[in-house]
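We did not get these values from a lab; they are worked out from the coordinates using the rules stated. For clarity, every value in this text was computed on a predicted model and none was experimentally measured. So basically every Cβ, Gly included, is an ideal-geometry build from the backbone, and we count neighbours across all protein chains shown.
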Amino acid sequence: MVNVAILGFGVVGSGVAEVLATNGPHIDKKVDDLIRLKYILDVRDFPESPFADKVIHDFSIIENDPEVNIVVETIGGAKVALDFTRRALAAGKSVVTSNKELVAEHGCELLQLAQEKGVSYLFEASVGGGIPIIRPLNQCLAANEIEEISGILNGTTNYILTRMIRAGLSFDAALKEAQQNGYAEQDPTADIEGHDACRKICILASLAFGRHVYPRQVPTEGITGVTLADVAYADACGKKIKLLGRAIHRDDGKVCAYVAPHLVDVEDPLAGVEDVFNAIAVKGNAIGDVMFYGRGAGKLPTASAVVADVIDAARHKDAKKRMVWAEGGDDVAVPPTDLESDWYVRAEGTLEAVKAAFPDVSLLPRAGAPENEFAFLAPSMTRSALDGKLAGLKPCSVFRVLG
Ligand code: HSE
């Protein structure tokens, strides 16, 4: 018998209980053992829930129960969740989580603690919701040197951008719609400012490149600066605006990681990823390009990934080799200062100033644009070189072009 305790009975935690109950017989057959939900820890009671009899409020009951083998942490955040995760691992229990904030900030420490204790710390659901990406990166692509990861890692912002592009909604109207549909939180800051995507690219980069990349090391720009004017100019040059998290393995061994809106060619598979879907493109030196696509959020898709990790932990109770990465540092991650790319620029100024700085660029058309507004694609250079050329103009939007 494998006993499971769920910490936090919110959207994901209740989804995990539901999947374990609905698919129980099928899951037991796969594990060749009986997986049973023993406790649900939450500060609230759920008298109407079919799982009401499992709800407890004291973590030490789980910590001190030798029958609990696997703890599912779906509390979120990096405070209580960190304390409970450390204590569960220290007590010799495997921990499975969807908590990207915790993994992005403390993954290295928690993986090492799990290794010391001979248990697993698994977090497939922390990136891309139900999309398999952590295990494929760690196992199926293990033969490769990973060169680059670029992903649409946040469903809420992808939904907002899709509605701006497809329906012509303003950013504010699209955000409101995302909130009404239950995609965006009432406080949408972590999504729209890019922090959520930042945490996810940190996890992918740490796993792919073997050293911890921390959120504070990753320059992050969200989508609050994207306007319908930018959407129209992008359309005029056959591109779509997408918020990408990117991690690039440089020749000097460092990882260049950042999150920012990009112009993506309509022919690029990432451009076709719409609504709340996520996609992660990985480039390996043997496999070339591979892409993972699917539902990046939601109760059951995320629970699907969590329960798969529960099954993995149950199947590999005695496995010696575990997922792990080394401590990070200033020698690991670098900002995209030296990263050259083409650029999309929307700026205010005069035509003379544009032509003086960029003699060869073609201006992009937009119906109803003010006379002093100019948009164009600038050729490949670093951001500081671009800023130097833009000195005679007032830049409104500056986004990298993927390619
Ligand atoms: N807020 C996240 C998103 C949830 O919109 O993608 C999944 O991590």
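What the table below lists for this structure:
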| quantity | calculated |
| --- | --- |
| Cleavage-rule hits, trypsin sites (Lys or Arg not before Pro), the range 35-78, DSSP coil, Cβ neighbours within 10 Å at most 11 | R44 |
| Size of charge dipole - the range 300-403 - debye, nearest 20, with Cβ of Lys, Arg +1 and Asp, Glu -1, no other charges | 420 |
| Cα centroid of the range 135-184 to Cα centroid of the range 283-303, whole Å | 12 |
| Contact order normalised by residue count of the range 27-154, Cα under 8 Å, 6+ apart, percent | 16 |
| Percent of beta bridges antiparallel (DSSP, the chain, rounded to nearest 5) | 65 |
| Cβ crowding within 10 Å averaged over residues, with 219-227, 245-253, 150-158 ranked highest first | 150-158, 219-227, 245-253 |
| Relative pair counts by distance (%), Cα atoms of the chain, 10 Å bins | 5, 22, 29, 23, 13, 6, 2, 0 |
| Contact order relative to length of the chain, as percent, for alpha carbon pairs under 8 angstrom and 6 or more apart | 18 |
| Lys, Arg +1 and Asp, Glu -1 on Cβ, resulting dipole of the range 1-96 about Cα centre, debye, nearest 20 | 260 |
| Burial order of peptide ranges 165-177, 349-361, 99-111 (average beta-carbon count within 10 Å, highest first) | 99-111, 165-177, 349-361 |
| For the range 340-401: relative contact order, % (alpha-carbon pairs under 8 angstrom, 6 or more apart) | 58 |
| Listed peptides 254-261, 65-72 by packing density, highest first (mean Cβ within 10 Å) | 254-261, 65-72 |
| Rg/Rh for the range 264-392, where both radii come from Cα atoms and Rh is the Kirkwood radius | 1.14 |
| Net lengthening on full extension, E109/D387 (0.36 nm per residue, minus Cα-Cα) | 96.2 nm |
| Nearest-0.05 FRET efficiency for E48 and E177, computed from C-beta distance (R0 30 Å) | 0.50 |
| The chain - mean residue ellipticity at 222 nm from DSSP helices (-39,500 (n - 2.57) per run, n ≥ 4, rounded to 500) | -10000 deg cm²/dmol |
| Total charge dipole magnitude, the chain, about the Cα centre, Cβ charges on Lys, Arg, Asp, Glu only, Debye to nearest 20 | 500 |
